[in-house]
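The values are calculated or read from the model by the stated rules, or taken from the named source; none is laboratory data. Small disclaimer: the values here were computed from a predicted structure and weren't measured. So basically every Cβ, Gly included, is an ideal-geometry build from the backbone, and we count neighbours across all protein chains shown.
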Ligand SMILES: Nc1ncnc2c1ncn2[C@@H]1O[C@H](COP(=O)(O)OP(=O)(O)OP(=O)(O)O)[C@@H](O)[C@H]1O
């Protein structure tokens, strides 16, 4: 079964798709074969936050990697179509990309903040060198001064004091490292950011600070976000729409309000009821009233 929903999120604004996936299936070619994503169709609209929820192992990460052409053997996309609708008006067949086209697509058009990304900063080169590297690779025409100015700007955007540009990863807190990863993902002003559990390893206060920053950046730059997490209360709070995955399929998709108030699929209801804070006597998004200010 697949679900597709392109309903209007913002009153008076017609949603404009930035990515369309149709009937995507992905397998791990092991023995026995694991059918990790089954016939998934979804449309991501420009500037929206699409939450992807579902229990561990349901295929969220595999789907995200598929959308970004990051799958590696034994993973194989066995069927389906992914079209990126560029700001320029051009439609890009993502599955057909290779070589330079694929390199330009990743980071430039669509970037990803991975699970545990903060641990993937290179420990032996400075934050400056890592930010400059992204720009050197993807914006070869930029001068050293321009790269420096852009790096400082990026750190400021994600709430890291630019004096930290000289630091090495081990000198930064987990929250700061994750913010640096977000700065790198933002560097080329992508139209889509895929965030796979971007804050799971961090404590709640730091998480909230980073989530707020992502929300603010999204407002400022209007990129679309696919936000993957187990944390359904958080998704209800931040997402425009939520897709619920179960055993490789999207079993329900709707606005956060629809999912919260009127979930149709028994699994979605089960998922909601597994968060007592959502269904208990306080009865509403408890996090919304939470005024804890985050500092990472
Ligand atoms: N390299 C691999 N080889 C074989 N099977 C794999 C491999 N990677 C993932 N899988 C299987 O594919 C399915 C989907 O995994 P995936 O990591 O996409 O789920 P997920 O929803 O992102 O889980 P989590 O939230 O724990 O990250 C699972 O059954 C998993 O065991």
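Numerical summary
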quantity: Residue ID - nearest to the chain's Cα centre (by Cα), chosen from residues in the stretch 159-173 that are assigned to a helix (DSSP H, G or I), in contact (Cβ under 8 Å) with a residue 40 or more places away in the chain and surrounded by fewer than 19 Cβ atoms within 10 Å (Cβ to Cβ); calculated: 170
quantity: Residues (under 13 Å from the mean Cα position of the chain (by Cα), part of a helix (DSSP H, G or I) and surrounded by fewer than 24 Cβ atoms within 10 Å (Cβ to Cβ)) located in the stretch 182-209; calculated: 186
quantity: Criterion violated by residue 97 - all others in (1) touching a helix residue (DSSP H, G or I) at 6+ places or on another chain (Cβ under 7 Å); (2) free of Cβ contacts under 8 Å to residues at least 12 places away in the same chain; (3) assigned by TED's automatic domain parsing to the domain that holds residue 211 satisfied; calculated: (2)
quantity: Test: residue 256 is closer than 11 Å to residue 51 by Cα, away from the ligand (no atom under 16 Å from the Cβ) and in contact with a helix residue (DSSP H, G or I) (Cβ under 9 Å, 6 or more places away or on another chain); calculated: yes
quantity: Lone qualifier among 245, 176 - being buried (at least 17 other Cβ atoms within 10 Å of the Cβ) and in contact with a strand residue (DSSP E or B) (Cβ under 9 Å, 6 or more places away or on another chain); calculated: 245
quantity: Residue list for the stretch 194-211, filter: within 16 Å of the ligand (Cβ to nearest atom) and over 17 Å from residue 111 (Cβ atoms); calculated: 200, 201
quantity: Among residues of the stretch 31-49, those that are within 15 Å of the ligand (Cβ to nearest atom) and either within 14 Å of residue 228 (Cα to Cα) or not in a strand (DSSP E or B) (or both), counted; calculated: 3
quantity: Criterion (buried (at least 20 other Cβ atoms within 10 Å of the Cβ) and more than 16 Å from the ligand (Cβ to nearest atom)) met by exactly one of 228, 214; calculated: 214
quantity: Qualifying residues in the stretch 54-78 (those that are surrounded by fewer than 18 Cβ atoms within 10 Å (Cβ to Cβ) and under 20 Å from residue 230 (Cβ atoms)) - the one farthest from the ligand (Cβ to nearest atom); calculated: 55
quantity: Strands (runs of 3 or more DSSP E) contained in the stretch 60-158 and holding at least 3 residues touching a strand residue (DSSP E or B) at 6+ places or on another chain (Cβ under 9 Å) and at pLDDT 95 or above; calculated: 75-85, 91-93
quantity: The listed residue being within 16 Å of the ligand (Cβ to nearest atom) and under 21 Å from residue 68 (Cα atoms), out of 247, 178; calculated: 247
